[in-house]
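Data block below; observations after.
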Amino acid sequence: MIVLRPRRLRRSDVVRALVREHRVAIEQLVQPIFVSERPEDAGPIDAMPGMSRFDIAAAVEYAREIFGLGVRSVLIFGIPAAKDAAATGSYAPDGVVQQAIRALKRELPELLVMADLCACEYTDHGHCGILDERGDVANDATVELLSRIAVSYAEAGADLVAPSDMMDGRVGAIRAALDRQRYTDVAIMAYSAKYASAFYGPFRDAAGSAPQFGDRRAYQMDPSNAREALREIALDIEQGADIVMIKPGLPYLDILRAARRRFDVPIAVYNVSGEYAMLQGAIERGWLDGQRAVDELLSCFVRAGADIVITYFAAEYARRHA
Ligand code: PBG
């Protein structure tokens, strides 16, 4: 009897690289960027060591630097100067995201500018939409608001809008609104399977978007559900999503895998703020080898089936591998 020896193909770097099944390409990574309207809101984000909020000029410089390293896509989040119940700052022609998009496209025309599309950074109550008289997020009124924001992002020059609100029917409505204004080339990356997750905590700190009462469980998905994620993704594809997303990433690799098996559209995964904070916290204390942990993490997303990885580690990964 011969002994079957898989270890033969693990003996050296060369042979391991030869038989490697998946590779992470820098150009499949997306770097999220937080942009503050008021320069005094810029600065380091406590709960996300190594990440900062930028004013518009600094955001452009940062994007220029990472573009040079090969990170060619960014996802913009805005921190407005003022909030109100109807999120009027979200669709203002000179709103923070609209200004950032214009500046980025002017200075770096080849950079792919994605804009996160949600009301939570712009509402004084912190929910992802317009409230009805009972204090619930009103689906259809919110969908109208989102369509209006999408058109304002397209006017500013966004390449792609990324609705992250989890309202029903928003992808179809946004697509129709964009097409009506002849923004047929603006793509939609839908946060399709977005779970009501504790792992968004640091982001809400970064963006000042924590709900002032209640939580997001009436619109984001229950972490225990898997079949429902596939249904949400199917609905978004039917409504015209160009790219679908699973979020968070690490605790939801099974969902990513199931989606990869079922659907043929590009799939993105969002390696969210809490996952970043968890790793960075351990790396800073010397409990984890940061470079190895990040490389492993990103390759696991690709192995599980992601075409696109949205990660706060994009720039850092590119710096080491460019
Ligand atoms: C806006 C939005 C959130 C994230 C992306 N878009 C926060 C939330 O839903 O509470 C989270 C991103 C992260 O945690 O890195 N709705």
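The values are calculated or read from the model by the stated rules, or taken from the named source; none is laboratory data. These figures come from a predicted structure and were not determined experimentally. Reconstructed Cβ throughout: ideal geometry from the backbone, glycine too, with neighbour counts over all protein chains shown.
Would you call ASP215 of a type outside the set (Val, Ile, Thr), away from the ligand (no atom under 12 Å from the Cβ) and free of Cβ contacts under 8 Å to residues at least 60 places away in the same chain? Here the answer is no, as ASP215 does not meet what is asked.
The helices (runs of 4 or more DSSP H) falling completely within the stretch 159-276 that include 3 or more residues that are closer than 27 Å to GLY290 by Cα map to 201-207, 253-262.
When ARG170 is tested against (1) farther than 19 Å from ARG38 by Cα; (2) more than 14 Å from the ligand (Cβ to nearest atom); (3) out of contact with any His (no Cβ under 8 Å at 6 or more places or on another chain), just one condition goes unmet, and that condition is (2). Checked across the stretch 238-250, the condition of being within 23 Å of ALA196 (Cβ to Cβ), surrounded by fewer than 21 Cβ atoms within 10 Å (Cβ to Cβ), in contact (Cβ under 8 Å) with a residue 40 or more places away in the chain and within 18 Å of the chain's Cα centre (by Cα) holds for at least one residue. Only residues that are surrounded by 17 or more Cβ atoms within 10 Å (Cβ to Cβ) and among the aliphatic types (A, V, I, L, M) were counted in the stretch 276-287, giving 3.
Considering the stretch 186-212, the residues that are of a type in the set (Phe, Trp, Tyr) and touching a Gly at 6+ places or on another chain (Cβ under 7 Å) include one that is nearest to the ligand (Cβ to nearest atom), namely TYR200. Hey, does the stretch 49-63 have a residue that's under 22 Å from HIS127 (Cα atoms) and under 21 Å from the mean Cα position of the chain (by Cα)? Checking the stretch 49-63: at least one residue is under 22 Å from HIS127 (Cα atoms) and under 21 Å from the mean Cα position of the chain (by Cα). Quick check on the stretch 290-322: of everything there that is among the acidic types (Asp, Glu) and touching a helix residue (DSSP H, G or I) at 6+ places or on another chain (Cβ under 9 Å), which residue is surrounded by the most Cβ atoms within 10 Å (Cβ to Cβ)? Checking each candidate, the answer is GLU316.
Picking from residues in the stretch 88-126 that are touching a residue at least 40 places away in the same chain (Cβ under 8 Å) and among the hydroxyl-bearing types (Ser, Thr, Tyr), the one that is surrounded by the fewest Cβ atoms within 10 Å (Cβ to Cβ) is TYR91.
Quick check, is ARG106 in contact with a strand residue (DSSP E or B) (Cβ under 9 Å, 6 or more places away or on another chain) and either at pLDDT 95 or above or among the aromatic types (Phe, Trp, Tyr) (or both)? Here the answer is no, as ARG106 does not meet what is asked. Scanning the stretch 262-288 for residues that are away from the ligand (no atom under 16 Å from the Cβ) and touching a residue at least 40 places away in the same chain (Cβ under 8 Å) yields PRO266, ILE267, GLU284.
Test GLU65 against the stated conditions and say whether it is more than 16 Å from the ligand (Cβ to nearest atom), in contact with a Phe, Trp or Tyr (Cβ under 9 Å, 6 or more places away or on another chain) and among the charged types (D, E, K, R). Against the criterion (more than 16 Å from the ligand (Cβ to nearest atom), in contact with a Phe, Trp or Tyr (Cβ under 9 Å, 6 or more places away or on another chain) and among the charged types (D, E, K, R)), GLU65 does not qualify.
Scan the stretch 153-163 for residues that are crowded, with 23+ Cβ neighbours inside 10 Å and either more than 14 Å from the ligand (Cβ to nearest atom) or not β-branched (Val, Ile, Thr) (or both) and the total you get is 5. Each residue in the stretch 218-245 was checked for being away from the ligand (no atom under 16 Å from the Cβ) and among the charged types (D, E, K, R), and 5 of them qualify. Name the residues in the stretch 68-86 that are in contact with a helix residue (DSSP H, G or I) (Cβ under 6 Å, 6 or more places away or on another chain) and either charged (D, E, K, R) or within 16 Å of the ligand (Cβ to nearest atom) (or both), would you? Residues satisfying the conditions are ARG72, VAL74, ILE76, PHE77, GLY78, ILE79, PRO80.
Residues are listed down the side, and each one gets a yes or a no for (1) touching an Asp or Glu at 6+ places or on another chain (Cβ under 8 Å); (2) away from the ligand (no atom under 16 Å from the Cβ); (3) closer than 15 Å to VAL96 by Cα:
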site: ALA115; (1), (2), (3): no, no, yes
site: CYS118; (1), (2), (3): yes, no, yes
site: TYR122; (1), (2), (3): yes, no, yes
site: GLY126; (1), (2), (3): no, no, no
site: ILE130; (1), (2), (3): no, no, no
site: ASN139; (1), (2), (3): yes, no, no
site: ALA177; (1), (2), (3): no, yes, no
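The residue that is nearest to SER73 (Cα to Cα), counting only those in the stretch 1-52 that are β-branched (Val, Ile, Thr) and touching a helix residue (DSSP H, G or I) at 6+ places or on another chain (Cβ under 7 Å), is VAL30.
The residues in the stretch 26-84 that are over 16 Å from ILE310 (Cα atoms) and not in a loop (DSSP other than H, G, I, E, B) can be counted, and the count is 23.
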